[in-house]
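The structure appears right after this line, and notes come after that.
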Amino acid sequence: MKQSFILGQYIPRDSFIHRLDPRTKIISLILFVITMFVIDRLFIYSLLYGFVLGCVLLSTIPITYLIKGLKPVWWLVVITFIFHVLFQRDGEALFDVFGFIIYDQGFIQGGEIASRLLLMIVMATLLTLTTPPLAITDAMRWFLAPLTRLGLPINELAIMMAISLRLIPTMTEEMDKISKAQAARGLDYTRGRLRDRLKALLPLLIPLFISAFKRAEALAMAMEARGYQGADHRTSYRQIAFRTMDYIIVCLMTTATVSIYLMTG
Amino acid sequence: MEIVFEDVDYIYQPNTPLEHVALQDLSFTIPSQSFTAIVGRTGSGKSTLLQQLNGLLQPTSGTVTIGNTRLPGVKAKPLKELRRRVGLVFQYPEHQLFEETVKQELLFGPKNFGLDLAQLEAQLPQVLQDVGLDESFLERSPFTLSGGQMKRVALASVLILDSEVLVLDEPTAGLDPVGKKQLLQLFRYLNEEKGKTVVLVTHNMEDAMAYADQLVVLNDGCIDRVTSPKHLIEKRDQLEAIGLAPPESIKFVDYMKQTLDVNWNGHEATVVTVSQALINRIKAGANK
Ligand SMILES: Nc1ncnc2c1ncn2[C@@H]1O[C@H](COP(=O)(O)OP(=O)(O)OP(=O)(O)O)[C@@H](O)[C@H]1O
Ligand SMILES: [Mg+2]
């Protein structure tokens, strides 16, 4: 069986990254993304690549697993890069391929944008791989807590997010089972004309949606049956707790972001 | 069609942190036209094994030979042919129902395999009747059916293919006792009268003993034993260790032996055969 897409998957381990508070990881992710968007020097990208690689190594998640599990993303990154190389019209002309004049800025900007996409997705995946969905929810609830004063249903939002995150791997598994059940009845969506192939997707998508709705309905009923009546005033019994290491990491990340910003100013 | 497993291993998501060895070193044969039951506790690998039978999953190592097709390493076309010859009904019917009407649902497989639809359409009422539904279901939407009715429609949608081998993943789970018996009788009929090879997965030892002529006992992805119902009865004390409960009828015999100190050497397994043996004894006893 081919490996499924891994964004949203959680892999329990006992690594340095796993042990960090989810809030630390989310703050770091945000700072990382900000850094990526303010800088425009190539050498800093090599720092960022190094940073991401370091995080992956620390998480003890095998790199090959990440590479295989993010296959669709690689295509997106490569296509983005090629698109920029072909259509960017700034800078010095380098050479010409079948009438397309290739400029050096095409390579530079293509590289930057593709790198941003790539690094961001790897980091986001690393967050879900190393953090239980419930811990992510708790962290989101904590971040959004100030907004309750504005009357926003924070707890509901947090629960919705947790359930959606949880459902990504479930839905991919479900998809796998459905496509097998239809293949057993002779469905083949990998061959034939494009129109036939698109039509062959219906027997996959309809059961998937129906089962997603049913699952949602069953979940809602099960929550209600166990006394859930909206999440107001709930206190979380799982306490997420900042430890010394979390303070150190947040300080380091903030300092790094600010100094990179000042340096490249 | 004979099916031969040789040193089959199957690993889910190999070389990832979620790697899971689901089948290990399986070697056994399912004889042509036999009624084979595959039993084992939850998670023992039954569904994984079934999916090897029509190439939905292919062995990570070792080979599965089905008739004249050998897996792994079969091209798309013979694979489709294999699926036509080995009909597989999945554990959860909701994974396959999608058409607007039951009729279209039943004709979905035949359409894919390029069978003669006009001729099959005439057989639809009969197939529905076989699985315990009547003709009025033909125009209903599969999504308005109850769980048990969905299960029967899913079963009918494979039966209509009239394949040589019928592979069933817990086809009777969640049905009422009468419906369950009716389906098991149907499988026996297809096996005995129509010469189909039947492979049935079940948790229920009672059914396995009563209907199958060969039992494949799985434990934690390995073959615990391949045996006949009769022999398994003799080794019943080993069943509980691998998460299977002996049938009630056997417990009854054991209880009789223990509390009434009855001398009983028979190999009777099902309620019918146990009662018959009992009746014979009582008659014989009266004569003594
Ligand atoms: N897609 C998958 N990825 C990883 N592991 C899997 C996958 N599907 C099944 N497994 C694992 O393989 C083992 C065997 O699963 P299988 O579905 O064959 O069990 P089963 O005997 O049919 O159980 P049940 O009686 O509950 O249906 C289980 O431990 C299961 O967790
Ligand atoms: Mg199963």
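Values computed for the structure shown
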quantity: Cα-based shape type of the protein assembly as shown, given that a ≥ b ≥ c are square roots of the gyration tensor eigenvalues and the cut on a/c is 1.5; calculated: prolate
quantity: FRET efficiency, B:Ala76 to B:Cys222 (Cβ-Cβ, R0 35 Å, nearest 0.05); calculated: 0.65
quantity: Relative contact order of chain A, defined on C-alpha pairs under 8 angstrom at six or more residues apart (%); calculated: 28 percent
quantity: Chain B - share of DSSP beta bridges that are antiparallel (%, nearest 5); calculated: 55 percent
quantity: Residue pairs, from the table A:Lys199/B:Lys111; A:Lys71/B:Lys46; B:Lys181/B:Lys283; A:Lys180/B:Lys46, whose Cα atoms sit over 19 Å apart; calculated: A:Lys71/B:Lys46; B:Lys181/B:Lys283
quantity: Chain B: relative contact order in percent, alpha carbon pairs under 8 Å with at least 6 residues between; calculated: 22 percent
quantity: Sequence ranges B:208-216, A:200-208, ranked by mean other-Cβ count within 10 angstrom, highest first; calculated: B:208-216, A:200-208
quantity: Fraction of accessible area attributable to carbon and sulfur, the stretch A:154-225 (%, probe 1.4 Å); calculated: 69 percent
quantity: Cα gyration tensor shape of chain A, rounded if a/c is under 1.5, else prolate or oblate by comparing a/b with b/c; calculated: oblate
quantity: Complex-versus-alone comparison for the stretch B:8-22, residues with a loss of 50 Å² or more in accessible area, probe 1.4 Å; calculated: B:Gln13, B:Pro17, B:Leu18
quantity: Accessible surface, the stretch A:154-225, averaged per residue in Å² (probe 1.4 Å); calculated: 58 Å²
quantity: Other protein chain Cβ atoms within 10 Å, averaged over every residue that makes up A:22-28; calculated: 0
quantity: Area buried, chain A against chain B - accessible surface, total, 1.4 angstrom probe, square angstrom; calculated: 2500 Å²
quantity: Placed amide H near B:Leu218: partners under 5 Å, 5+ positions off or other chain; calculated: B:Val39, B:Gly40, B:Asp224
quantity: Span-rule helices in chain A, defined as complete DSSP H runs reaching 27 Å or more along the axis (Cα) with Kyte mean at least 0.5; calculated: A:104-130, A:202-225, A:244-264
quantity: Per-residue mean of C-beta atoms belonging to partner chains within 10 Å, peptide A:66-74; calculated: 1
quantity: DSSP-defined beta bridges in the protein assembly as shown - what % are antiparallel, rounded to 5; calculated: 60 percent
quantity: Ordering of B:219-228, B:48-57 by packing [mean C-beta count within 10 Å, highest first]; calculated: B:48-57, B:219-228
quantity: Protein accessible area in the stretch A:1-105, 1.4 Å probe - carbon and sulfur %; calculated: 72 percent
quantity: Rounded accessible area per residue of chain B, 1.4 Å, Å²; calculated: 46 Å²
quantity: Whole-percent carbon and sulfur share, accessible surface of chain B, 1.4 Å; calculated: 49 percent
quantity: Gyration tensor verdict on the stretch B:144-196 (Cα atoms; rounded if a/c is under 1.5, prolate if a/b is larger than b/c, oblate otherwise); calculated: oblate
quantity: Residues along the stretch B:100-117 losing 20 Å² or more of accessible surface when the other protein chains are present rather than the chain by itself (probe 1.4 Å); calculated: B:Phe108, B:Asn112, B:Phe113
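The values are calculated or read from the model by the stated rules, or taken from the named source; none is laboratory data. All of these numbers come straight from a predicted model, not from anything done at the bench. With ideal geometry, Cβ positions are generated from the backbone for all residues, glycine too; neighbour counts draw on all protein chains shown. Keep in mind that these areas ignore ligands, DNA and RNA; they rest on the heavy atoms of the full protein, side chains included. Shrake-Rupley method; radii C 1.70, N 1.55, O 1.52, S 1.80 Å.
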